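Undergrad: Would you mind keeping the following structure in view while I ask a few things?
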Amino acid sequence: MAEKYLPYGRQIVDEEDIRAVADVLRSDWLTTGPMVERFEETVCRYVGAPYGVAVSSGNAALHAAMFALGVAPGDEVIVPAMTFAATANCVVYQGAKPVFADVDPATLLLEPDTVEALITPRTKAVIGVDYAGQPCDWEALRQVADRHGLALVADSCHALGATLRGRRVGSLADITCFSFHPVKHITTGEGGMAVTADGALARRMRLFRNHGISTSAAQREKAGEWFYEMTELGCNYRLTDIQCALGMSQMRKLETWLARRRELAALYGSLLASSREEPAARPLDIKPGVESAWHLYVIRHPQRDAVFRTMRARGIGVNVHYVPVHLHPYYREHWGTGPGLCPAAEAAYAEILTLPLWPGMEDRDVTHVVSLLRGNNIL
Ligand SMILES: *Cc1c(COP(=O)(O)O)cnc(C)c1O
């Protein structure tokens, strides 16, 4: 009998979510309506940030952050090599140069010392990535940023709900970006949010998501005005009320889902630790004082390609996160990057494998994956 395919991640959508979306479809506002602010407030309250700007993707949140900080041609922004391409692309959109930093081989996180060594007079900002859901050492990164007058941006697309020494991701950088793509912790189909404690940065991000126009259609209608001005070059990065309603409904389930992710990760950890047959599969380190949001469960394995093929052939949707960004053809051709620039990220890339992890999984799914890894299919 064919086994059911187990993806590495996927959304959970229930009847409550569907009702919330249907209610908006019957209402007056499909976009720029009341659900947008309500969703922003819900996420802000949860992450402990005063201002939230809902946008159409995590990529849009990063781009809005670069715009708001005034990143411009001639500037450099330090980004880790081990991340999704969007972390670096947002710098290029603003005409600035992404400077790729190597990562810690044990955690695949950006390290403060590595950042400090890459700072030049042109450096404007640093973007850290909470890889797999584990927060960077934002306190140490903050010290480096402050010493050199740099802005600190968190690409926390993996880390909604993670904490560092009891403080939640969302309150640790100047701007923190989240994604609501279906594989992430909550979904709006596509969607994202940039959160900040700085009202001026929030205003600039709101302007940017709305074509650079200073008032919204809803505000103008309320005020009985037609006049508007475009004061900056912006984009249409708005998130619809339909999506925000789904996001609000999903937020009610976030804590339960995070708890389940942590349980499943702990089960992987204990099974892999007790696995004598497969000592080759090593999970990444989790630092003390950190509570990961467990977006991904990543192991390193010296025979990664063979393991990948075997697992896929058995219906396990293992994946690789990520091809280091500086190895992508676009960056090689246009920015002169290539192998040797970030050796730890490149060595990790040859060995990393993402195992399935999402809150709808059963314990037996984890046992099954680990038993296949061991090579004796007992389930
Ligand atoms: C998902 C993700 C993004 C981009 O989010 P989208 O919503 O897909 O645009 C950016 N950075 C990281 C690290 C991500 O995982």
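The values are calculated or read from the model by the stated rules, or taken from the named source; none is laboratory data. Computed from a prediction, not measured in an experiment: that's the story for all the values here. So basically every Cβ, Gly included, is an ideal-geometry build from the backbone, and we count neighbours across all protein chains shown. For the accessible areas, the whole protein counts, side chains as well, though only heavy atoms, and no ligand, DNA or RNA atoms are used. Shrake-Rupley method; radii C 1.70, N 1.55, O 1.52, S 1.80 Å.
Undergrad: Can you name every residue in the stretch 291-325 that is of a type in the set (A, V, I, L, M, F, W, C), away from the ligand (no atom under 15 Å from the Cβ) and open to solvent by less than 30 Å² (accessible area, probe 1.4 Å)?
TA: Listed by number, the residues that qualify are Ile299, Val307, Met311, Ile316, Val318.
Undergrad: Among all residue pairs at least 6 apart or on different chains, which show Cβ distances below 7 Å where the first residue, located in the stretch 171-182, is farther than 21 Å from Lys253 by Cα and open to solvent by 20 Å² or more (accessible area, probe 1.4 Å) and the second is at pLDDT 95 or above and within 14 Å of the ligand (Cβ to nearest atom)?
TA: Asp174/Val153
Undergrad: Would you kindly identify the helices (runs of 4 or more DSSP H) lying entirely within the stretch 282-379 that contain at least 2 residues that are closer than 21 Å to Leu118 by Cβ?
TA: Once the helices (runs of 4 or more DSSP H) in the stretch 282-379 are filtered for at least 2 residues that are closer than 21 Å to Leu118 by Cβ, what remains is 329-335, 343-349.
Undergrad: Any idea how many residues of the stretch 183-203 are away from the ligand (no atom under 16 Å from the Cβ) and open to solvent by less than 10 Å² (accessible area, probe 1.4 Å)?
TA: Looking only at that region, the number is 2.
Undergrad: Looking for something away from the ligand (no atom under 14 Å from the Cβ), crowded, with 24+ Cβ neighbours inside 10 Å and either in contact (Cβ under 8 Å) with a residue 12 or more places away in the chain or aromatic (Phe, Trp, Tyr) (or both) - is there at least one such residue anywhere in the stretch 83-93?
TA: Scanning the stretch 83-93, I find no residue that is away from the ligand (no atom under 14 Å from the Cβ), crowded, with 24+ Cβ neighbours inside 10 Å and either in contact (Cβ under 8 Å) with a residue 12 or more places away in the chain or aromatic (Phe, Trp, Tyr) (or both), so the answer is no.
Undergrad: For the stretch 159-169, give me the residue count where each residue is out of contact with any Gly (no Cβ under 6 Å at 6 or more places or on another chain) and either within 16 Å of the ligand (Cβ to nearest atom) or of a type in the set (D, E, K, R) (or both).
TA: 4
Undergrad: Just to verify a result, which residue in the stretch 141-158, among those that are over 15 Å from Leu69 (Cα atoms) and touching a strand residue (DSSP E or B) at 6+ places or on another chain (Cβ under 8 Å), is nearest to the ligand (Cβ to nearest atom)?
TA: Cys157
Undergrad: Go through (1) within 17 Å of His63 (Cβ to Cβ); (2) within 12 Å of the ligand (Cβ to nearest atom) for Arg206 and report which single condition fails.
TA: Only one criterion is unmet by Arg206, namely (2).
Undergrad: Quick check on the stretch 41-56: of everything there that is surrounded by 21 or more Cβ atoms within 10 Å (Cβ to Cβ) and either within 16 Å of the ligand (Cβ to nearest atom) or of a type in the set (Lys, Arg) (or both), which residue is nearest to Leu160 (Cα to Cα)?
TA: Restricting to residues being surrounded by 21 or more Cβ atoms within 10 Å (Cβ to Cβ) and either within 16 Å of the ligand (Cβ to nearest atom) or of a type in the set (Lys, Arg) (or both), the top hit is Val43.
Undergrad: Which one is farthest from the chain's Cα centre (by Cα), of the residues in the stretch 250-276 that are surrounded by 12 or more Cβ atoms within 10 Å (Cβ to Cβ) and more than 22 Å from Ala162 (Cβ to Cβ)?
TA: Step by step, filter the stretch 250-276, then rank; the result is Ser275.
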